[in-house]
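What follows is calculated from the coordinates using simple rules that are stated; it is not laboratory data. Not measured: the values here are computed from a predicted model. Counting neighbours? That spans all protein chains shown, and the Cβs are built from the backbone with ideal geometry, glycine included.
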C-alpha cells in the first residue's frame, strides 16, 4: 500500500491520495499557520480506525442477515505527552457504535467483538500503544 501527499499551498495544506484515487485534504491548525483546509493527521488516525471497524461490522451484520438502517460511529482518543518530546500519541481510544435497524443486540455485540479481535487491521496497528475500548447502542426498528 502506498499513499502520496502533494503540497497545496505555501503553508501546511496537503492533498493526499491512495490506491482509490480519492483525495483527502490534510492541514494544520490555524494557530501554527495552517488554514483549516483539511483534517489533522491525528484525526485521520481515528477516522481510519472508525472506518476500518465500520466496514467489518457492516459486513458481519449483513452475513448475519441483520437490517442496518443507520450506523453512526464516534471515536474519541485521549492523548498523553511523551516526556522529553513534543509527541502526544493516543493512549486510550473509545469507539461508540450507534445502530438503527432490525438488529438483534447480541449480534451487534458479536460483530463488534469480531472486528476488534479478528478483522480490523487498524485496531491491530493501534492496540499495542493505546487501550482500545468500545461501547454501543441499538435503536431497534422493525
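Percent antiparallel among DSSP beta bridges with both residues in the chain, to the nearest 5?
65
Kindly give the semi-axes, whole Å and largest first, of the ellipsoid equivalent to the chain, taking each as the square root of 5 times a Cα gyration tensor eigenvalue.
Ellipsoid semi-axes (Å, largest first): 32, 18, 14.
Output the 0 to 90 degree angle, nearest 10, between the alpha-carbon long axis of helix 105-114 and the longest principal axis computed from the alpha carbons of the chain.
Result, in degrees: 50.
Where the Cα atoms of region 80-142 are projected onto their three principal axes, how long is each span, largest first, in whole Å?
55, 21, 12
Using mean Cβ contacts within 10 Å as the protection proxy, how do 95-108, 45-58 order, highest first?
The peptides rank, most packed first, as 45-58, 95-108.
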